[in-house]
Amino acid sequence: MTGLGAVFRPQLPPERLRAIVRLADESGLEELWLWEDCFLEGGISAASAALAWTERLRVGVGLLPVPLRNVAVTAMEAATLHRLFPGRAILGVGHGVQDWMGQVGARVESPVTLLREHLLALRALLGGERVTTDGRYVRLDGVALDWPPATAVPVLAGATGPRSLRLSGEAADGTILTAGTAPEGVRNARRLIDEGRESAGRTDPHHVVVYLLTATGPDGAARLKAELDAEGLGSVPDLGVAGDADAVAKAVQRLAEAGADTVILQPTGDEPDPEGFVRFAAEEVRPLVP
């Protein structure tokens, strides 16, 4: 079965999160995803609150920008979430938007090198290992978590370019693809991910999560077009979906057939009814997605 979820966009104020989380839980939504976009809302703090307000909802953070975080801190926070809420937290890391990283003095010369070092150290720490490493950016001296997760924790990586996608296949347990990824882009991403997996000799499952920009309602097509145009993606074919539940379910299925394991519906930034969007995803779209 294809996984399905929705995004709580951080353009909404944090105080809106509780009501939407409760609604997502009650309506049967499988996953609610959060973003740590600069300079809006903190991913870990929001995820912790969302998980505490629910009993079964899985909460994803896609993604934590690694230039902002020492890997030991990322590991401590991830481990804490997984021990408090076993099996319900999903964490992705990535090199972040470079302009934002520059604004806070965290931009690095080689974002892919940093992401590789961070992924390798993070997965080792979450696996209960004591880690000593002296990389270009990540340096640890005998660091181990006193409270590692009780079970294995998948670490996802956000990736777009060929080098990052190959790296994700090599060093992560899954990949997060942006809403700028059409079905053909998912196929290409899977190919590059598999190249990285082959080079590392990995045969374990690799979970691919794809955001799908989604608009519904009488003005849905206009809102979708406006957002795609604003992102410079208006000319990309088969990107995003506007329409009723049937149209959205068919778009989800196209991404699944291209290689997505989970599709997360991403409302437009000007979505007029965020609560209604979550209910639409859970109650109308989910029954139509095999």
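Could you count how many residues in the stretch 132-149 are part of a loop (DSSP other than H, G, I, E, B) and in contact (Cβ under 8 Å) with a residue 60 or more places away in the chain?
Qualifying residue count, the stretch 132-149: 5.
Is the stretch 251-273 home to any residue that is over 30 Å from I193 (Cβ atoms), at pLDDT 95 or above, part of a helix (DSSP H, G or I) and under 23 Å from the mean Cα position of the chain (by Cα)? Steps first, answer last, please.
Filtering the stretch 251-273 for residues over 30 Å from I193 (Cβ atoms) gives 270-273.
Adding the requirement that they be at pLDDT 95 or above leaves 270-273.
From the residues that got through so far, the ones that are part of a helix (DSSP H, G or I) too are none.
Looking through the stretch 251-273, none of the residues is over 30 Å from I193 (Cβ atoms), at pLDDT 95 or above, part of a helix (DSSP H, G or I) and under 23 Å from the mean Cα position of the chain (by Cα).
Read through the list (1) part of a loop (DSSP other than H, G, I, E, B); (2) surrounded by fewer than 19 Cβ atoms within 10 Å (Cβ to Cβ), then give the number of the only condition that T181 fails.
Of the numbered conditions (1) part of a loop (DSSP other than H, G, I, E, B); (2) surrounded by fewer than 19 Cβ atoms within 10 Å (Cβ to Cβ), the odd one out for T181 is (2).
Applying the selection to the stretch 199-237, what residues are at positive phi and surrounded by 14 or more Cβ atoms within 10 Å (Cβ to Cβ)?
G217
Within the bounds of the stretch 4-13, is there any residue that is in a helix (DSSP H, G or I), closer than 18 Å to I264 by Cβ, among the β-branched types (V, I, T) and touching a residue at least 40 places away in the same chain (Cβ under 8 Å)?
no
R69 passes all but one of (1) surrounded by fewer than 22 Cβ atoms within 10 Å (Cβ to Cβ); (2) of a type outside the set (V, I, T); (3) in contact with a Lys or Arg (Cβ under 7 Å, 6 or more places away or on another chain); which number fails?
Just one mismatch for R69, condition (3).
Which one of G196, G220 is within 30 Å of D270 (Cα to Cα) and not acidic (D, E)?
Being within 30 Å of D270 (Cα to Cα) and not acidic (D, E) holds for just one of G196, G220, which is G220.
Name the residues in the stretch 169-186 that are of a type outside the set (A, V, I, L, M), touching a helix residue (DSSP H, G or I) at 6+ places or on another chain (Cβ under 6 Å) and under 21 Å from T203 (Cβ atoms), would you?
Within the stretch 169-186, G169, E170, T175 meet the criteria.
Just to be sure, is V248 touching a helix residue (DSSP H, G or I) at 6+ places or on another chain (Cβ under 6 Å), in a helix (DSSP H, G or I), β-branched (V, I, T) and farther than 24 Å from R190 by Cβ?
Working: touching a helix residue (DSSP H, G or I) at 6+ places or on another chain (Cβ under 6 Å): yes; in a helix (DSSP H, G or I): yes; β-branched (V, I, T): yes; farther than 24 Å from R190 by Cβ: no.
Judged against the criteria, V248 is not a match.
Among (1) closer than 23 Å to G5 by Cα; (2) touching a Gly at 6+ places or on another chain (Cβ under 8 Å), where does E195 come up short?
(1)
If I go through the stretch 144-172 residue by residue, how many of them are crowded, with 19+ Cβ neighbours inside 10 Å, of a type outside the set (V, I, T) and in contact with a strand residue (DSSP E or B) (Cβ under 9 Å, 6 or more places away or on another chain)?
So the answer is 11.
The values are calculated or read from the model by the stated rules, or taken from the named source; none is laboratory data. Because the structure is a prediction, the values reported are computed rather than measured. Glycine gets a Cβ as well: all are built from the backbone with ideal geometry, and neighbour counts include every protein chain shown.
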